[in-house]
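Just below is one structure, and these are the notes that go with it.
The values are calculated or read from the model by the stated rules, or taken from the named source; none is laboratory data. As the structure is a prediction and not an experimental result, all values here were calculated from the model. So basically every Cβ, Gly included, is an ideal-geometry build from the backbone, and we count neighbours across all protein chains shown. Quick note on the areas: whole protein, heavy atoms, side chains included, nothing else; ligands and nucleic acids left out. Shrake-Rupley method; radii C 1.70, N 1.55, O 1.52, S 1.80 Å.
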Amino acid sequence: QVQFVESGGGLVQPGGSLRLSCAPSGRLRSIYHMGWYRQAPGKQRELVADITSGGVTTYRDSVKGRFTISRDIPENTVYLQMNSLKLEDTAVYYCKPLSWDDWGQGTQVTVSA
């Protein structure tokens, strides 16, 4: 069964940047409406940004102007460019098609001075 695998997380200072990647573990025939989610300690998982198969993007208010979601159609890979990171962006970040139920391992993003 194909899964999406997240990578690119790490430790960064406030104001810094990270670029997350989300790639399928195998070949997929379809282009999905994809979402980046995050879950901070003690909080519910939330949708951060999503991108439709046609490239229309939507962002959570708290990340607008700082995060950019994009995709590479031939590689079926989705990216999340995160700039001006804040302490409250610390979380495990996940990506998956909005229509899928299963979650991957996620990638940890820690913003700390």
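What's the total number of residues in the range 6-25 that are in a loop (DSSP other than H, G, I, E, B), open to solvent by 30 Å² or more (accessible area, probe 1.4 Å) and either out of contact with any strand residue (DSSP E or B) (no Cβ under 6 Å at 6 or more places or on another chain) or touching a residue at least 40 places away in the same chain (Cβ under 8 Å) (or both)?
From the range 6-25, those in a loop (DSSP other than H, G, I, E, B) are 8-9, 13-17, 25; that's our starting set.
Then keep just the ones that are open to solvent by 30 Å² or more (accessible area, probe 1.4 Å); that gives 8-9, 13-15, 17, 25.
Imposing the further condition that a residue be either out of contact with any strand residue (DSSP E or B) (no Cβ under 6 Å at 6 or more places or on another chain) or touching a residue at least 40 places away in the same chain (Cβ under 8 Å) (or both) reduces the set to 8-9, 13-15, 17.
Count: 6.
Show me the strands (runs of 3 or more DSSP E) found entirely inside the range 38-96 where at least 1 residues are within 22 Å of residue 23 (Cβ to Cβ) and open to solvent by less than 40 Å² (accessible area, probe 1.4 Å).
46-51, 67-72, 77-82
Based on this model, can you work out whether residue 28 counts as surrounded by fewer than 15 Cβ atoms within 10 Å (Cβ to Cβ), farther than 22 Å from residue 11 by Cα and either small (Gly, Ala, Ser) or modelled with pLDDT under 95 (or both)?
Values: surrounded by fewer than 15 Cβ atoms within 10 Å (Cβ to Cβ): yes; farther than 22 Å from residue 11 by Cα: yes; either small (Gly, Ala, Ser) or modelled with pLDDT under 95 (or both): yes.
Yes; evaluated as a whole, the condition is true for this residue.
Evaluate the following for residue 3: is it of a type in the set (S, T, N, Q), open to solvent by 30 Å² or more (accessible area, probe 1.4 Å) and touching a residue at least 12 places away in the same chain (Cβ under 8 Å)?
Numbers: of a type in the set (S, T, N, Q): yes; open to solvent by 30 Å² or more (accessible area, probe 1.4 Å): yes; touching a residue at least 12 places away in the same chain (Cβ under 8 Å): yes.
So residue 3 passes the test.
Considering only residues of the range 101-113 that are open to solvent by less than 60 Å² (accessible area, probe 1.4 Å) and within 16 Å of residue 46 (Cα to Cα), which is modelled with the lowest pLDDT?
Taking the range 101-113 and keeping what is open to solvent by less than 60 Å² (accessible area, probe 1.4 Å), we get 104, 106-107, 109-112.
Going one step further and asking which of them are within 16 Å of residue 46 (Cα to Cα), we end up with 104, 106-107, 109.
On the way: 104: 93, 106: 97, 107: 98, 109: 98.
If we take residues in the range 101-113 being open to solvent by less than 60 Å² (accessible area, probe 1.4 Å) and within 16 Å of residue 46 (Cα to Cα), then 104 is modelled with the lowest pLDDT.
Given the residues 38, 66, 60, which is the only one that is free of Cβ contacts under 8 Å to residues at least 24 places away in the same chain and closer than 19 Å to residue 11 by Cα?
Among 38, 66, 60, only 66 is free of Cβ contacts under 8 Å to residues at least 24 places away in the same chain and closer than 19 Å to residue 11 by Cα.
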